[in-house]
Amino acid sequence: MEDPPDWIAEFTVTPRQFEAQLDAIVASGRTAVPISVLADHLAGRSDLPERPVVLTFDDGFADLPGSTAEALASRSLPATAYLTTGAITPGRACLLPPAPMMALGQAPLLEQYGLEVGGHTVTHPQLDTLSAGAVRRELRESKAMLEDVLGHEVEHLAYPHGYNSRAVRRAALDAGYASAVAVRHALSSRRDEPYRIARLILRRTHTVADIETWMEGRGAKAAPYPDSLPTVGWRLYRRTRALVRGVEFAG
């Protein structure tokens, strides 16, 4: 978008920047694959191409089934889109602040463009601060809604803002997901953990040079690795805060 809402501006690039970044990925010689290919490899079911890259898009903003999908398809770049069902279904409760969003009924169109569709919960909460029952509802209801409109199983999940815990990862497995992506601000690897696959989060301050560095496998640490003490402390703080404030937006 050229003029995004303030709350999402940090994670927004202009159409021209986006196309330049995609061109840098193509020029790198990497092979783009959907998350299912990486998940199959991590589960020991298949191998990966020599230099893979996975492109993912969260939430379901209005550009996704339009200019974004068109830019990807024109470069033969498959990707994975994780949709927050409450945000793309009129009348449903959602914690995401207002922004132009796609519609749930457009999910099959994403597949026509070559995007794999995954779940991203119903309301976009901080999953690792919820009760076990609330986590189950967020994961299973969003999965069921997407499967209903797509007509097939939805097997892949993205934790809102990457927030997860051992209990949340177990809930993802129990809900029937074959993989789940976190954030971790890190490169993934062929040894990554299937239920907290590392991702690099793109900010508006990143340049084409940053993309080129990532495509070379540099510029960030590589997963898997244990949670740092600051990460554990931040999770404990958010859980304590949630007891006082209630459920909060993961962002």
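The values are calculated or read from the model by the stated rules, or taken from the named source; none is laboratory data. For clarity, every value in this text was computed on a predicted model and none was experimentally measured. Neighbour counts run over all protein chains shown; Cβ positions are idealised from the backbone, glycine included. Surface accessibility is based on the protein's heavy atoms, side chains included, excluding ligands, DNA and RNA. Shrake-Rupley method; radii C 1.70, N 1.55, O 1.52, S 1.80 Å.
Comparing SER74, SER131, ILE201 along the charge dipole axis of the chain, the residue lying farthest to the positive side is SER131, per the Cβ-charge model. Charge tally around GLU70: other residues with Cβ under 15 Å, Lys/Arg +1 each, Asp/Glu -1 each, net -2. Counted by Cβ distance under 14 Å from SER228, the other residues give a net charge of +3, where Lys and Arg count +1 and Asp and Glu count -1.
The residue list LEU236, ALA222, SER142 was ranked by how far each Cα lies along the charge dipole of the chain toward its positive end, using unit charges on Cβ atoms, and LEU236 comes out on top.
For the set SER46, SER179, the ranking by accessible area, highest first and with no ligand, DNA or RNA atoms included, is SER46, SER179 under a 1.4 Å probe. In the stretch 123-198 the Cα-Cα distances spread across 5 Å bins starting at 0 as 3, 17, 28, 25, 16, 9, 2 percent of all pairs. DSSP beta bridges confined to the chain are antiparallel in about 10 percent of cases.
Which of these, LEU42, LEU187, LEU229, has the largest mean-square fluctuation under a Gaussian network model of the chain (Cα springs below 10 Å)? Maximum among the listed residues: LEU229.
If one computes P(r) from the Cα atoms of the stretch 114-251, what percent of pairs lie at distances over 18 Å?
Values: 5543 of 9453 pairs.
Result: 59 percent of Cα pairs exceed 18 Å.
Globularity index of the chain is 0.96 (Cα radius of gyration / 2.2 N^0.38 Å, N = number of residues).
Among the trypsin sites (Lys or Arg not before Pro) within the stretch 1-54, those in coil by DSSP and having at most 12 neighbouring Cβ atoms inside 10 Å are ARG45. For the chain, the dipole from Cβ point charges (+1 on Lys and Arg, -1 on Asp and Glu) about the Cα centre works out to 1100 debye, to the nearest 20. Of TYR237, TYR82, TYR195, the residue with the greatest mean-square motion in the GNM of the chain, using alpha carbon springs below 10 Å, is TYR237.
Where nothing but the Cβ of Lys and Arg (+1) and of Asp and Glu (-1) is charged, how large is the charge dipole of the stretch 65-150 around its Cα centre, in debye to the nearest 20?
Numbers: 6 positive and 8 negative charges, 32 e Å.
For the stretch 65-150, the charge dipole is close to 160 debye.
With protein chains left intact and a 1.4 Å probe, residues in the chain average 47 Å² of accessible area per residue.
Dipole magnitude for the stretch 47-191: about 560 debye, using +1 per Lys or Arg Cβ and -1 per Asp or Glu Cβ, origin at the Cα centre.
Over the residues of the chain, the helix contribution to mean residue ellipticity at 222 nm works out to -10500 deg cm²/dmol, using -39500 (n - 2.57) for each DSSP H run of at least 4.
Cα extents for the stretch 194-251 along the principal axes, largest to smallest and rounded to whole angstrom: 44, 26, 21.
Ligands, DNA and RNA left out, the accessible area of the stretch 62-159 computed with a 1.4 Å probe is 51% carbon and sulfur.
A convex hull fitted to the Cα coordinates of the stretch 1-115 yields 119 cubic angstrom per residue.
Note on ARG137 and THR213: the model spin-label points, each 7 Å out from Cα along the C-beta direction, lie 4.4 nm apart. Considering all different alpha carbon pairs of the stretch 51-156, the Kirkwood hydrodynamic radius works out to 14.1 Å. Only Cα pairs within less than 10 Å get springs; with that Gaussian network setup on the chain, which residue of HIS185, HIS152, HIS41 has the largest fluctuation? So, out of HIS185, HIS152, HIS41, the one fluctuating most is HIS152.
Tally Lys and Arg at +1 and Asp and Glu at -1 over the other residues with C-beta under 11 Å from the C-beta of TYR159: what net charge comes out?
Details: positive: ARG169, ARG184, ARG196, ARG199; negative: ASP58, ASP128, GLU138.
So the surrounding residues net to +1.
Restricting the calculation to Cα atoms, every distinct pair contributes to the Kirkwood radius of the stretch 54-107, found to be 11.7 Å.
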